[in-house]
Structures are given as structure tokens and as C-alpha cells.
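Trainee: The structure is given below, and queries will be raised subsequently.
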Amino acid sequence: MANKFQAPRGTRDLLPADMATFRALEENGRRLTALYGYAPIETPIFEDSGVFERGVGEVTDIVEKELFRVRSPGGDADRWALRPEPTAGIARAYVEHGMQTLPQPVKLTMFGPMFRYDRPQAGRYRQFWQFDVEAIGDPGPAIDAEIIELAWRFISEAGVDNLELHLNSIGDAQCRPAYITDLVEFFGPYVANLPPVDRNRIEKNPLRVLDSKSPGIVALLKSAPQIGEYLCTACRAHFDGLVQHLDAVGVPVTPAPLLVRGIDYYTRTAFEFYQRGAQGQQSALGGGGRYDGLIELFGAKPTPGIGFGLGVDRIATLATKAATAKETASAHPVAIVVGADPGATAARLKLATELRAAGVAASADLAPRTLSRQLERAAREGAHFAVVVGDELDQGEVQLRDLEAGTQHPTKVTDLARELQRAHGSHRHG
Ligand code: HAM
């Protein structure tokens, strides 16, 4: 008899070619989180349904419509559920294992499958993978920028170009209630004529209406009040601080005054990543935000937190072959440190050691030979860049030569690691 079985609707088999990309992404996630000091955690793929009802929120699509309930033999049909996202389970584990007594913030990361009983379509699956990062116990805003920059770097290094960070603050328990009151009041005169889904949102979880795709709502939202006008002093200062810190680490911000996200635990910072031009729910490459009230919901003292989840399936679709192949390829150094003074090996070694400490695959030419011989060797080793040490080192500068492009410019030693990573990352996009 012919085999009629197929992978369940909304799931797919990751064949070896897909796995090469997934593995490369996972490995890069591991490498980056280790560099940034995030430790791996794995929570069960199913939990008490209450973990998600309480954590994600009962009036969210994820819990109301998309939770995969699991029936145990002879058991209660609603007791367990497959995890739709990792943050609630991680918060449960943080409290269960007394992680509040550890030095804060506790920095955790996870990579694994999630399950949502959503209507399958391109980029939307019932089993999908997330790369998740959480920092619990720091009120920010500096850590918010650190985490966002890590996500930005991960997606960029996958080879996704034209990346945008959409950023908003959704306020907190101080300022959000007044906003919600005004939002509901604004929609009051129109409610009777709205589609049932939007009417329901306004009644049960009004912020969700900001995500609505109904043309009528989209038009109304143009003149609706915006949360940004309601932020209290503390939330405003937090948001301004975050924008400053993002500027300091070189992540450009696209303000997104309507961004609210579909999960109840968020406070203040809310963000999503998109490829420019691609809009809509299915095109978010990832998202996250602050959840200063979540840990408390699991019975511990109030503890702030922030994190993100990136959609690995979606990023894998956009990842360039070149980028993922480079990740798995052998250890060509990104940069070789060379110098005009053949004998100045200590200066070259010191610089290479500092670059490696900053996470750049770098080596130094430690042979006392001429600069041109050192450069020849750097090219032969397949290095992308040569860092040329000369007299300007006394002023804290070196020359950065792109061996592939044949260009060269002076760079401050203090900017070198970041510049190499950025240049090498963007080079991989090509
Ligand atoms: P989320 O926005 O629900 O956030 O999911 C994060 C990302 O997972 C989405 O931006 C998308 O790329 C991907 N994703 C979600 N659903 C699907 C699906 N059905 N098929 C394919 N990809 C999907 C969270 O899950 C939060 N836990 C993020 C977070 C962590 N916030 C704080 N910490």
C-alpha cells in the first residue's frame, strides 16, 4: 500500500541541506551568547498549561487559540501544553531553582522548537524554532541595548541585509492604564461597526487592536492616541536611555509607535526585527522586550527582565549561503596583525591577543621579516584583513587593510574589534 503519511500540516522535515543552515545559525548563536556571557538552559517542551496561561496571558491569541494541549493517558486534557514560546518556562525555572540568589542579572539562552496551532502559511509553522536570549534581574536600560545589539548581530551575521529594528515603549502599570482608557474611549463611537475580532480585542485586551490588519482599524489608528504620549517620567527616561545606548553600540532605531507585541508580559521596551520593505506579522524575524512583572507572577519577589526570541525558520530562509558556509568553514583568520618593524613582535602579539579576547579570529605574524613578506603570507592564509602596525600606534592608531578589496584606512585601536566584526559581517552578506 502506498505511504499516505506526510509530516503534519504546518510542520516540515528539515533535510540535510536545511540542517546545514540551521546548524550554522545555532552554532553562531552559541558562539555569540558565549561571547556575551549568556549560559544555555533547556526547559521541558511541555509544561503545566498554567505556566503559559499565567505567563503569556489568558487573553492572547497564543493561549486562546494556538496552545497545543497535551492529553496524558487517562489524564486531564487541559493539564499540559507544548511550549508556544520559551520565556514563560524560563521564568518558571528561574523561580523554581532559586536563581534570585545568584548574582544578577542571570543571563540565559535557549535554542529549540516551539509549537503554536496557528493557520499555516509561508513563514508560519505549527512547529518552528527560536533562538532565545533572556537577562533576568537588571532594570536596564543599558542591558536592553546589549540584548538588542546581540540580536541585531545574530541576524546580520546570518546574511540578512536591510535589517530594521522597530522599537517602542509600551509603558508600565503607572502609565499604561490611562492610555488604555483613552484608547477604548477613542474607539467607542466606532465599536458597533467593527468586525467581531476587533470588537472582541477592544473589549478584552485593547492594546491588541494596534496590531489589527482590518482596513477600518488601520485608518482609525492614524488619529488614535499613541502610547508614546502617555509615558510616565520613569518610562520616558528609560526609553530615552535605551535610545542613547543603542546609538552608542551602533544599532539604528526605527521608531514604531504602534508596536505592542502579542504577549501580555511586556512592560516598557518592545521591539521587533524586519527586513526593510517586508511588513506584517509573518515577516517579523524576531521580537522581544522587557517583562518587569513576569517573575512576580510565578511567586517570587518583583524582578525585572528582558529578552528576545528570533524566528530561526524565517532567518534561515533569508540567510545567504555564503554566510552560513563561512560559519562552518575552516579557521581562516579574519585578520592578521602585521607590522613595519620586523622585530616588534610583542606589539603584534599583544594586538592579536586583544582582538581574540574581543571575539575576533585573529592571528599575528610573529616572524621577524619585512612588511611585504608578512602581507604576502596574510593573503596566502586567506585572511580578510591585515592590521598594519606602524609608528601611529603611539597615537593609538593602526592601518586596516582589506586584503580582498585592496583598500586601506586608519583605525583607532579601540574601535578595531568592532570595525573588524562589522566589516567582516557585512562582507559575508555579499
Ligand atoms: P514572539 O514574537 O511571539 O515572541 O516570537 C518571536 C519570533 O518567533 C517571531 O518574531 C517569529 O520570527 C517567530 N515565530 C513566532 N511564531 C512563529 C510561527 N508560527 N512560525 C514561524 N516563526 C514564528 C516570543 O516568543 C517571546 N518569547 C520573545 C521574548 C523573549 N520576549 C522576551 N523574551
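Trainee: Let's test the formula: R0 of 56 Å, r as the Cβ-Cβ distance of residue 185 and residue 405. What FRET efficiency results, to the nearest 0.05?
Mentor: That pair, residue 185 with residue 405, gives E of 0.45.
Trainee: So which trypsin sites (Lys or Arg not before Pro) in the range 1-47 end up in coil per DSSP with only 16 or fewer other C-beta atoms within 10 Å?
Mentor: Within the range 1-47, the qualifying trypsin sites (Lys or Arg not before Pro) (loop, at most 16 other Cβ atoms within 10 Å) are 4, 9, 12.
Trainee: How many nm is it between the label spots at residue 244 and residue 197, if each spot is 7 Å from the Cα in line with the beta carbon?
Mentor: Placing both labels 7 Å along Cα→Cβ, they lie 4.2 nm apart.
Trainee: Here is a further query. Take the Cα gyration tensor of the range 212-284, multiply each eigenvalue by 5, square-root it, and list the three semi-axes largest first, rounded to whole angstrom.
Mentor: Working from the Cα gyration tensor, I get semi-axes of 23, 18, 12 Å.
Trainee: Strictly greater than 20 Å: what percent of every Cα pair in the range 184-308 meets that? Could you put the intermediate results ahead of the total?
Mentor: Values: 4128 of 7750 pairs.
Roughly 53 percent, once rounded to a whole number.
Trainee: Sticking with this structure for a sec: Sorting 337, 70 on the 10 Å Cβ count, fewest up front, what's the list?
Mentor: Starting with the residue having the fewest Cβ neighbours, the order is 70, 337.
Trainee: Does the range 233-274 classify as rounded, prolate or oblate by the C-alpha gyration tensor (a ≥ b ≥ c root eigenvalues; a/c under 1.5 gives rounded; else a/b over b/c gives prolate, otherwise oblate)?
Mentor: oblate
Trainee: Moving on. Viscosity 0.692 mPa s, temperature 37 °C: what is the translational diffusion coefficient of the range 145-195 from Stokes-Einstein with a Kirkwood Rh over Cα pairs, rounded to a whole number of µm²/s?
Mentor: Values: Rh = 14.5 Å.
D, rounded to a whole number, is 226 µm²/s.
Trainee: If I fit a long axis through the Cα atoms of helix 142-157 and take the longest principal axis of the Cα atoms of the chain, what angle between them do I get, 0 to 90°, rounded to 10?
Mentor: 70
Trainee: Using Cα-Cα distances under 8 Å and only pairs 6 or more residues apart, what relative contact order does the chain have, in percent?
Mentor: Worked out over the chain, it gives 17 percent.
Trainee: What percent of all Cα-Cα pairs in the chain falls in each 10 Å bin, counting up from 0?
Mentor: Calculated P(r), rounded to whole percents: 4, 19, 27, 24, 14, 8, 3, 1, 0.
Trainee: Which of 238, 424 comes first, and how do the rest follow, when ranked by fewest Cβ neighbours within 10 Å?
Mentor: The fewest-first ordering by Cβ neighbours comes to 424, 238.
Trainee: Give me D for the range 1-114 in µm² s⁻¹, whole number, from Stokes-Einstein with Rh from the Kirkwood sum over alpha-carbon pairs, 20 °C and 1.002 mPa s.
Mentor: In µm²/s, the coefficient is 128.
Trainee: DSSP loop (so not H, G, I, E, B), at most 15 other Cβ within 10 Å: list which GluC sites (Glu not before Pro) in the range 378-428 pass both filters.
Mentor: 381, 404
Trainee: Given the peptides 368-374, 62-68, arrange them by the average over their residues of other C-beta atoms within 10 Å, most packed first.
Mentor: Final packing ranking: 62-68, 368-374.
Trainee: Over the chain, how many pairs of lysines fall under 29 Å by alpha carbon, counting only those 8 or more apart in sequence or from different chains?
Mentor: 13
Trainee: Using the Kirkwood formula on the Cα atoms of the range 107-175, what hydrodynamic radius do you get, in angstrom to one decimal?
Mentor: Numbers: mean 1/r = 0.0675 Å⁻¹.
The answer is 14.8 Å.
Trainee: A further question on this structure: If I measure Cβ to Cβ between cysteines in the chain, which ones have no partner under 4.7 Å?
Mentor: For the chain, the answer is 235, because their Cβ atoms have no other cysteine Cβ under 4.7 Å.
Trainee: Rounded if a/c is under 1.5, else prolate if a/b is larger than b/c, else oblate: which is the range 57-162, with a ≥ b ≥ c the root eigenvalues of its Cα gyration tensor?
Mentor: Since a/c reaches 1.5 but b/c is at least a/b, the shape of the range 57-162 is classed as oblate.
Trainee: What are the extents of the Cα atoms of the range 195-235 along their three principal axes, listed from largest to smallest and rounded to whole Å?
Mentor: Projected onto the principal axes, the Cα atoms of the range 195-235 cover 36, 21, 11 Å.
Trainee: For the chain, give me the percentage of DSSP beta bridges that are antiparallel, rounded to the nearest 5 percent.
Mentor: Bridges in the chain that DSSP calls antiparallel: roughly 80 percent.
Trainee: How long is the gain from residue 379 to residue 349 if the chain were fully straight, where each residue apart is worth 0.36 nm and the alpha carbon distance is subtracted?
Mentor: Full extension from residue 379 to residue 349 adds 9.0 nm.
Trainee: Let me ask another. Which net charge results when you count Lys and Arg as +1 and Asp and Glu as -1 among the other residues whose beta-carbon is under 14 Å from that of residue 408? Write out the running numbers ahead of the final one.
Mentor: Values: positive: 401; negative: 392, 397, 402, 404, 419.
Overall, the nearby charge balance is -4.
Trainee: Here is a follow-up. Give the value in nm², to one decimal: projected area of the alpha carbon convex hull of the range 359-430, averaged over all directions. Write down the numbers at each step before the final one.
Mentor: Values: hull surface 20.4 nm².
Hull-based average projected area comes out at 5.1 nm².
Trainee: A further question follows. Under a plain spin-label model, where a point goes 7 Å from the Cα along Cα-to-Cβ, how far apart in nm are residue 254 and residue 69?
Mentor: The two pseudo-label positions are separated by 3.9 nm.
Trainee: So which GluC sites (Glu not before Pro) in the range 179-276 end up in coil per DSSP with only 13 or fewer other C-beta atoms within 10 Å?
Mentor: none
Trainee: Only Lys, Arg, Asp and Glu count, each charged at its Cβ (+1, +1, -1, -1), so figure out the dipole size of the range 211-309 about its Cα centre, rounded to 20 debye.
Mentor: For the range 211-309, the charge dipole is close to 140 debye.
Trainee: Further question: Given a Förster distance of 60 angstrom, what is the FRET efficiency for residue 340 paired with residue 59, based on the Cβ-Cβ distance and rounded to 0.05?
Mentor: Efficiency for this residue pair is about 0.35.
Trainee: So, by mean Cβ neighbours within 10 angstrom, what's the order for 308-317, 48-57 with the highest one leading? List each step's numbers first, then the result.
Mentor: On the way: 308-317: 22.2, 48-57: 20.0.
The peptides rank, most packed first, as 308-317, 48-57.
Trainee: In addition: From the mean inverse distance of alpha carbon pairs (Kirkwood) and the Cα radius of gyration, derive Rg over Rh for the range 52-102. Please report the intermediate quantities before stating the final value.
Mentor: Numbers: Rg = 12.9 Å, Rh = 12.2 Å.
Rounded to two decimals, Rg/Rh equals 1.06.
Trainee: Helix 176-187 versus the longest principal axis of the chain: what is the Cα-based angle in degrees, 0 to 90, to the nearest 10?
Mentor: 60
Computed from the coordinates by the stated procedures, all read-outs in this text should not be read as laboratory data. Values in this document were obtained by computation on a predicted structure and should not be read as measured data. Positions of Cβ are backbone-derived with ideal geometry, glycine not excepted, and every protein chain shown enters the neighbour counts.
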